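The values are calculated or read from the model by the stated rules, or taken from the named source; none is laboratory data. These figures come from a predicted structure and were not determined experimentally. Cβ placement follows ideal geometry from the backbone for every residue including glycine, while neighbour counts extend to all protein chains displayed. Accessible surface is based on the protein model in full, side chains and every heavy atom, while ligands, DNA and RNA are left aside. Shrake-Rupley method; radii C 1.70, N 1.55, O 1.52, S 1.80 Å.
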Amino acid sequence: MERRYIILANWKMNPETEKEALTLARAYKNLDVPKGIEFGALVPLPYARPIAKLWGRNKMLLGLQNINSEKSGAFTGEVSFAMLKPWTPKLVIVGHSERRAIGETDAEVNQKVLRALKENVTPIICVGEKVRDDHGFFLRTVEDSLKACLASVPKSAYPSIIIAYEPVWAISSNGGREMLPAECHEMMIFIRKVIADMLGGNKNMPRVIYGGSVNELNSREYLESGADGLLPGHASLDPKKMQKLFNSLAPIQK
Ligand code: PGA
């Protein structure tokens with residue numbers, strides 16, 4: 001089956017109030033999203049339920065930005081999937097560089113991936129180098145991280161996973177430059193090659209998306225360079241920007 005592109009808004013720890021979050025979620029509902037695109041948002045946990053209610057049976061995808069890999073126990077401050085029932089998010093992003101910066105490891109990401117799959121939630125696994133070097137050592141960083149995050153994941157589950165390649169230096173809040181589409185193209189090939197080697201072929205491939213300063217001016221180029229989707233952060237907080245982003249992609253077909 002042909003898969004559509006997927007665009008996932010990463011709201012991070014925004015907006016500041018539930019009222020603003022619902023205003024943004026309502027605006028999302030009214031966006032004109034091209035047919036070939038699946039669209040969703042990864043929202044702060046307290047906003048997830050009210051937004052799920054607001055979106056109802058709308059085809060928009062709703063996801064979280066973190067979850068604990070255990071069902072319950074002595075984990076102060078943590079939240080499990082079990083606690084969210086009967087509501088279950090469609091997606092959860094794991095291993096974002098902003099969480100890795102406060103100590104999340106590949107091993108923890110791996111446990112979260114396994115838990116999400118058990119709960120029928122799509123894990124979005126973030127990988128990406130902090131810096132680039134002229135010798136290509138950054139490729140090793142990405143490869144090692146991918147392998148560790150996917151440890152013990154059955155091959156049959158790979159199509160239910162999304163890999164988000166996010167070079168840390170290209171994330172807007174880090175103030176670096178934008179990644180060039182040609183660099184993105186290289187990384188899409190590299191990541192797919194690593195995964196194909198793990199799978200022993202290119203059957204059961206996960207989707208590989210791109211994140212890092214994605215906006216209405218560069219989205220089309222990133223998709224044309226081979227990404228299966230995009231993960232806009234800063235730009236996603238402005239529905240007008242999101243509409244422009246979608247307009248820049250229409251018409252689109254994978
Ligand atoms: P950005 O964030 O689009 O603001 O760079 C992307 C992300 O960190 O997921």
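Taken along the Cα-to-beta-carbon direction at a fixed 7 Å, the label points for THR105 and ASP238 span 4.1 nm.
Calculate what fraction, in whole %, of the accessible area of the range 1-105 sits on carbon and sulfur atoms when a 1.4 Å probe is rolled over the protein chains. Carbon and sulfur: 53 percent of the exposed surface of the range 1-105. Placing +1 on each Lys and Arg Cβ and -1 on each Asp and Glu Cβ, with no other charges, gives the chain a dipole about its Cα centre of roughly 1080 debye.
Can you give the Kirkwood hydrodynamic radius of the range 147-204 from its Cα pairs, in Å with one decimal?
13.1 Å
So if a site counts as exposed when it's one of the GluC sites (Glu not before Pro), its DSSP state isn't H, G, I, E or B, and it has at most 13 other Cβ atoms within 10 Å, what's the longest stretch of the chain without one? By the stated rule (loop sites, at most 13 other Cβ atoms within 10 Å), 17-254. For LYS241, a cut-off of 28 angstrom between C-alpha atoms picks up these lysines, skipping any fewer than 8 places away in its own chain: LYS12, LYS19, LYS29, LYS35, LYS53, LYS59, LYS90, LYS130, LYS254. Mean-square fluctuations from a GNM of the chain, with a 10 angstrom spring cutoff on Cα atoms, peak among ILE161, ILE102, ILE191 at ILE102.
At an R0 of 41 angstrom, the distance between the Cβ atoms of ARG140 and ARG57 translates into a FRET efficiency of 0.35.
Can you return the aspartates and glutamates within cross-link range of LYS112? Criterion is Cα-Cα under 13 Å, with same-chain partners fewer than 8 residues away left out. Cross-link targets: GLU70, GLU78, GLU104.
Full extension of the chain segment joining ASN247 with LYS155 gains 29.5 nm, where the gain is 0.36 nm per residue of separation less the Cα-Cα distance.
Might you report the magnitude of the Cβ-based charge dipole of the range 166-254 about its Cα centre, with Lys and Arg at +1 and Asp and Glu at -1, to the nearest 20 debye? Write down the numbers at each step before the final one.
Details: 10 positive and 10 negative charges, 52 e Å.
That gives a dipole near 240 debye.
Quarter the surface of the alpha carbon convex hull of the range 28-84 and you get the mean projected area, 4.8 square nanometres. Each Lys and Arg contributes +1 and each Asp and Glu -1, all at the Cβ; summed about the Cα centre of the range 31-139, the dipole is approximately 660 debye.
Lys/Arg Cβ at +1, Asp/Glu Cβ at -1, dipole of the chain taken about the Cα centre: which of PHE190, HIS96, GLY56 is farthest positive-ward? It is GLY56, whose Cα lies furthest towards the positive end. Each residue of the range 147-254 gets 110 Å³ once the volume of the Cα convex hull is shared out per residue. Count neighbours as other Cβ atoms within 10 Å of each site's Cβ, and list the chymotrypsin sites (Phe, Trp or Tyr not before Pro) in the range 43-107 that are DSSP loop with at most 12 such neighbours. Sparse-neighbourhood loop chymotrypsin sites (Phe, Trp or Tyr not before Pro): PHE75, TRP87.
Taken as Cα centroids, the range 1-59 and the range 213-254 sit 15 Å apart, rounded to the nearest whole angstrom. Taking all protein chains together and rolling a 1.4 Å probe, LEU45 ends up with roughly 70 Å² accessible.
Size descriptor for the chain, Kirkwood hydrodynamic radius: 18.4 Å (Cα pairs only, one decimal).
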